[in-house]
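The values are calculated or read from the model by the stated rules, or taken from the named source; none is laboratory data. All of these numbers come straight from a predicted model, not from anything done at the bench. Cβ coordinates were reconstructed from backbone atoms using ideal geometry, including for glycine residues, and neighbour counts include every protein chain displayed. Heavy atoms of the whole protein, side chains included, go into the accessibility calculation; ligands, DNA and RNA do not. Shrake-Rupley method; radii C 1.70, N 1.55, O 1.52, S 1.80 Å.
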Amino acid sequence: MTDERQATFGSDGSLRADTPPEATGENDFGEEKAENETDGGYSRYVVSSLLQKAVRRSDEEVAAWAAWELARSGFGWNLWDRLNLYVVEDLRAGDEVALTIERYEELATDRWSMDSWEGRLCAIHAALAAARAPSTREASNADEYFRKVAEERAAARERGEDPAHDFPVGDLEAGGTFDAVFDGHTGEGSKRGRGTEFFKTRGARVGPEGESELSARWQRLAMVLDDIDYTEEQIRRAVEPVDPEARWEEPEEF
């Protein structure tokens, strides 16, 4: 969904370029609604902004009302577009609320109409789910920070200087901090003859939680049965959890 809507005409013949037919008519006070006006007499832009801030601040009641107001006013398309944006802009990565909101949107749009009783309940449920989820601006903050660092790196190169701020991976070269990524899946790793042995003992390691007991058992047995003659130290290292204080450190030789 997008903010682009088909042009319609009001009762006086004036063009209402941004208001869908279901959002026209009278408000709660019996007055002809202006363009982008909700049934309660508010600007849909303001209510939409309120919904986002309420989600961000975990204010469940305000979020529920804002979603209900948009849905009942014929701006359900705006509501669901915004809620899906909030999932990536304001909520913690990995939270299952994204799937919850997607399901409520599917019900509100495919099974029922967005401004129906059922559609309004879906809107409220989705807003409550978003408001109850852990809030964070980490993705937006990361995007802005990385973009500015990219500009700083480019400007520093033009000046012939080292950047004052750099990406967390630096130049990302083989032999450096992130040497483990240069396995056989990369051109540089292939040139260095880094095959299955390198991948199993370095590139495939997980952590810091490590493998489950069952997964670690499968890993050990698969390495024992492999054509490669792994040492006990290599097998131990392959299933050992990554040290959270030294995630990228690997021994030069086993």
Restricting to region 88-118, name every residue that is closer than 23 Å to S140 by Cβ and open to solvent by less than 60 Å² (accessible area, probe 1.4 Å). E89, D90, L91, D95, V97, A98, T100, I101, E105
Would you call R120 within 17 Å of V62 (Cα to Cα) and not β-branched (V, I, T)? yes
Can you tell me which of A130, A139 is assigned to a helix (DSSP H, G or I) and touching a strand residue (DSSP E or B) at 6+ places or on another chain (Cβ under 7 Å)? A130
Just to check your reading of the model, which residue among A63, A127, A71 is aliphatic (A, V, I, L, M), open to solvent by less than 50 Å² (accessible area, probe 1.4 Å), touching an Asp or Glu at 6+ places or on another chain (Cβ under 7 Å) and closer than 28 Å to E26 by Cβ? A71
Subset of region 139-156, residues open to solvent by 80 Å² or more (accessible area, probe 1.4 Å) and either in contact with a Phe, Trp or Tyr (Cβ under 8 Å, 6 or more places away or on another chain) or in contact (Cβ under 8 Å) with a residue 40 or more places away in the chain (or both), comes to F146
Being closer than 27 Å to D59 by Cα, of a type outside the set (D, E, K, R) and either open to solvent by 80 Å² or more (accessible area, probe 1.4 Å) or under 32 Å from the mean Cα position of the chain (by Cα) (or both) is the filter here; which residues of region 20-39 pass it? A23, N36, T38
Which of (1) farther than 18 Å from D39 by Cα; (2) open to solvent by less than 40 Å² (accessible area, probe 1.4 Å) does L85 not meet, given it meets every other one? (2)
Scan region 168-211 for residues that are of a type in the set (G, A, S) and in contact (Cβ under 8 Å) with a residue 60 or more places away in the chain and report the count. 1
Output for Cβ contacts, cut-off 9 Å, separation at least six or different chains, first residue farther than 14 Å from A71 by Cα and assigned to a loop (DSSP other than H, G, I, E, B) in region 15-30, second open to solvent by less than 30 Å² (accessible area, probe 1.4 Å) and at pLDDT below 85, reads A17/T8
With criteria (1) modelled with pLDDT of 95 or more; (2) among the charged types (D, E, K, R); (3) more than 17 Å from the chain's Cα centre (by Cα), E144 comes up short on (3)
Identify, from the list E250, E240, E173, the residue that is under 29 Å from the mean Cα position of the chain (by Cα), over 22 Å from A142 (Cβ atoms), modelled with pLDDT under 95 and charged (D, E, K, R). E173
